[in-house]
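Worksheet: the structure to be examined is printed underneath.
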Amino acid sequence: MSFAQQGASSVGDLPGYDEDAYFADESTYQQQVSEVAPASHANGYESSQAYETAQAYEEDSAHYEAQPSYESQPAYVAPIANDLQPVAFLDGHRLKNRRSSMGYQAACDGGCGGSCGQAGCGMGYSGGCDAGCGGSCGGDCGRRGALHRLGLGSMFGCESDTWAQTEVLLWFTQDRDMPALITTAAPGEAPFGDGATTVFGNDINGELSGGTRSDFGKYFTKNVGLGGRFWILAENQDSYYGEGDGSNQSIGRPYFNTNTGGMDALLVAADNFNGANFTGSIAAESSLDLLGAEGYARINLGGSRTSKVELIGGYTHFRIDDTLRMSSASLNRDTGNLTNFNDLFEMENRFNGGQVGFEMKVSRGRWTARSLTKVHLGNMNQTATIAGSSQFGPIGSNPAVLPGGALALDNQGTYERDVFAFIPEANFKLAYQFRPNVALSVGYSFLYFDNVALAGDVVDPIFDGTTNATGGPFGGRAFEFDDSSLWVQGIDLGVVINL
């Protein structure tokens, strides 16, 4: 009553806030509401006129936000064109936590697998869209709308629930066991035994190899998706080449001489070693190639908006090829006779089987951590090809090519077997969403092949030394498969782009 007697309003003595001004503003607000509300019809809303009116009201709302709440005002819903979500006005105030251009905000559970696309992702949705779209489902309404008009909306982005990732692989392979195949020594000394240095053989170093891996797929329901993955690793190689006349070093191909019962060597380069003089050259190469191809299904087992656990199952094909090639040519300067040896060991492993495992994912803001663990079970087909050739004759002649080299002896031929294989795999990734449609990831991968055929297991430098310059028969032991294992591991650098 005191305020009324003094002509002051309840919000203070500010100009324009007396009692008459207060109710005049309220009357203006009611008039704006009555002008907008009739725009609704039974069959929808008049989009353009109603929305422009709502925008006009939004511009005036700043004036009303400074005034006290009107408990008597009913909740108001502004009409929005077509199927866009309404914007709520409660107690005469527009909600302040709107983010999208159309005023819709929500949380999208489980990625854009169903719920996000149904919410009208391409119409300006902005919210917590987990995975699939990297936290922001819309981002660019015009761009997604253009894809839709071009007929590409079903291929990219949230509406199609697709995933795609490409990674650069920086992997190391396990060192591979192999006998000493090329040795060197000081001039005039024996290129075998304790005084020799192995320059090729023993352990073939599993050095760093580059590769690539792609993973892509699509959710056909909210909880079920189909995908494929392909990876290939560049050739992991170790090689050696040497030549000379023995004046700077002795070069030899060591072997166990069954005639003497001790170590010996085929001389490639020597200078007055036990009265022998040789000039020659030698080359060797060991290479390992790996690739994998998978087709799989993923089933969502449960989770929340920021976490998910999926069951993975499907088909796997692996290929592992290990090859050893060697060739040498040596001229006996004392006799004028030339000797050539060529050897090939090629081991092929073809795995076909099933896979089962789990993928877990946790997201916090722009960061996402993933863990994929699975095992591949199936048949490993192993094929070994061993071939060799040799030539003996005076220099300048054209000697006949004989079967059998210095390593490929009586075990030459093609051999095959099938064995059961168990291959566990683990992947761990951490990704950062630095743009609405681009994420970078770094991770670690590990695969273990429990039964593979490798060249080093069947190379057996043992024969009768009295036959090494006669064209055979060389002898040696019969071929036999050996059970070996192999692992690969390394760093993965990936990029995800959602169009």
Subject >> Dipole in debye (nearest 20) - the range 161-498, about Cα centre, beta carbon charges: Lys, Arg +1; Asp, Glu -1 >> reply: 2320
Original post:
Counting only heavy atoms of protein chains, what accessible area per residue, in Å², does the range 161-498 have with a probe of 1.4 Å?
Top reply: 43
Subject >> Kirkwood Rh and Cα Rg combined as Rg over Rh, evaluated for the range 290-392 >> reply: 1.39
Original post:
Around G295, what is the net charge, scoring Lys/Arg as +1 and Asp/Glu as -1 over all other residues with Cβ under 12 Å from its Cβ?
Top reply: 0
Original post:
Carbon-plus-sulfur fraction of the accessible area of the range 161-498, 1.4 Å probe, in percent?
Top reply: 55
Original post:
When ranked by the protection proxy of mean other Cβ atoms within 10 Å per residue, highest first, what sequence do the peptides 172-181, 349-358 form?
Top reply: 172-181, 349-358
Subject >> Descending principal axes extents, the range 322-462, alpha-carbon based, whole Å >> reply: 79, 35, 23
Original post:
Of the peptides 259-271, 394-406, how do they stack up when ordered by the mean number of other Cβ atoms within 10 Å, highest first?
Top reply: 259-271, 394-406
Original post:
In whole angstrom, how long is each semi-axis of the equivalent ellipsoid of the range 161-498, when you take the square root of 5 times every eigenvalue of its Cα gyration tensor and sort them from largest down?
Top reply: 51, 20, 15
Subject >> With 5 Å bins from 0: P(r) over the range 230-351, alpha-carbon pairs, percent >> reply: 2, 9, 13, 12, 11, 9, 8, 7, 6, 5, 4, 4, 4, 3, 2, 1, 0
**OP:** Taking 7 Å along the Cα-to-C-beta vector as the label spot, tell me the L377-V362 distance in nanometres, rounded to one decimal.
**Re:** 2.9
Original post:
Just how far, in whole angstrom, is the range 177-248 from the range 344-375 if you go by their alpha carbon centroids?
Top reply: 23
**OP:** Quickly work out the A400-to-V438 label distance, labels modelled 7 Å from Cα along the C-beta direction, and quote it in nm with one decimal.
**Re:** 6.8
Subject >> Relative packing of peptides 445-457, 207-219 - highest average C-beta neighbours within 10 Å first >> reply: 445-457, 207-219
Original post:
Taking only pairs that are 8 or more places apart or on different chains, how many Lys pairs in the range 161-498 have Cα atoms under 19 angstrom apart?
Top reply: 10
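The values are calculated or read from the model by the stated rules, or taken from the named source; none is laboratory data. Keep in mind that what you see is a predicted model, and the values were worked out from it rather than measured. So basically every Cβ, Gly included, is an ideal-geometry build from the backbone, and we count neighbours across all protein chains shown. Ligands, DNA and RNA are stripped out before the accessible areas are found, and what is left, the full protein with its side chains, is counted by its heavy atoms. Shrake-Rupley method; radii C 1.70, N 1.55, O 1.52, S 1.80 Å.
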